[in-house]
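S.K.: To start, I am sharing the structure in question, which I have written as structure tokens.
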Amino acid sequence: MTFSRSPLRAATLLLLSLLLATGCKKEEGEGGKAVIKGIVLRQDVNAVGNPLGDPYPFHDTRVYIIYGDNEFQDDDVRTGPEGNYEFRWLRPGDYTIYTFGECDCPGKSVTVSHRVTIDGKKDVVTVPTITVDNF
């Protein structure tokens with residue numbers, strides 16, 4: 001009887017080890033306590049792309065986030081009056097933050113993105129300022 005319990009015990013230990021290892025896996029997304037935040041500015045430009053004046057806060061525009069290596073957006077937020085945004089309740093991992101510039105030209109949309117990493121469970125990661133052109 002002792003011989004038959006040993007393989008069962010080994011299989012049980014192996015199964016528990018696999019479950020624990022899976023639970024410790026780094027997985028991006030919601031469910032944590034970390035924050036990614038930043039500011040989006042808008043730069044008016046003329047028809048040839050030269051800046052007109054200084055950049056200013058781009059309020060009420062969408063900012064998107066991609067968790068890890070996903071191909072499509074996982075969430076989005078709108079910027080506040082000062083162009084600020086936050087993605088809250090994130091887990092450690094890699095993220096891509098992006099938004100679009102505005103252009104009145106058909107078929108032309110300019111994407112500005114930054115890749116960031118959250119290392120700790122309660123990190124607050126600030127994305128470099130995103131400046132988008134407004135044609």
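The values are calculated or read from the model by the stated rules, or taken from the named source; none is laboratory data. The structure presented is a predicted model; accordingly, all values stated were derived computationally and were not measured. Cβ coordinates were reconstructed from backbone atoms using ideal geometry, including for glycine residues, and neighbour counts include every protein chain displayed.
S.K.: Residues in the stretch 79-95 that are over 18 Å from K33 (Cα atoms) and either in contact with a His (Cβ under 8 Å, 6 or more places away or on another chain) or among the acidic types (D, E) (or both): how many?
M.R.: 5
S.K.: So which pairs qualify, if the first residue must be in the stretch 72-101 and within 19 Å of V124 (Cβ to Cβ), the second must be aromatic (F, W, Y) and not in a strand (DSSP E or B), the Cβ gap must be under 7 Å, and the two must be at least 6 apart or on different chains?
M.R.: Short answer, once both residue conditions are applied: T79/F58; G83/F58.
S.K.: Something else: List every residue pair whose Cβ atoms sit under 7 Å apart, with the two residues 6 or more apart in sequence or on different chains, where the first one lies in the stretch 110-135 and is surrounded by 16 or more Cβ atoms within 10 Å (Cβ to Cβ) and the second, anywhere, is outside any strand (DSSP E or B) and aromatic (F, W, Y).
M.R.: That search, which allows pairs on different chains as well, returns V132/F58.
S.K.: Can you work out which of the residues in the stretch 51-82 that are touching a Leu at 6+ places or on another chain (Cβ under 7 Å) and under 17 Å from V110 (Cβ atoms) is surrounded by the fewest Cβ atoms within 10 Å (Cβ to Cβ)?
M.R.: So, considering only residues that are touching a Leu at 6+ places or on another chain (Cβ under 7 Å) and under 17 Å from V110 (Cβ atoms), the one surrounded by the fewest Cβ atoms within 10 Å (Cβ to Cβ) is P55.
S.K.: Which residues, taken from the stretch 111-135, are more than 24 Å from V48 (Cβ to Cβ) and part of a strand (DSSP E or B)?
M.R.: Of everything in the stretch 111-135, those that are more than 24 Å from V48 (Cβ to Cβ) and part of a strand (DSSP E or B) turn out to be S113, H114, R115, V116, T117, I118, V124, V125, T126.
S.K.: Filter the stretch 1-56 down to residues that are of a type in the set (D, E, K, R) and assigned to a loop (DSSP other than H, G, I, E, B) and give me whichever is modelled with the highest pLDDT.
M.R.: Among them, the one singled out is D54.
S.K.: When you look at R91, is it more than 29 Å from N134 (Cα to Cα), among the basic types (K, R), at pLDDT 95 or above and under 20 Å from the mean Cα position of the chain (by Cα), yes or no?
M.R.: In short, yes.
S.K.: Would the stretch 101-123 turn up any residue that is at pLDDT 95 or above, over 13 Å from the mean Cα position of the chain (by Cα) and polar (S, T, N, Q)?
M.R.: Looking for residues that are at pLDDT 95 or above, over 13 Å from the mean Cα position of the chain (by Cα) and polar (S, T, N, Q), one finds none in the stretch 101-123, hence no.
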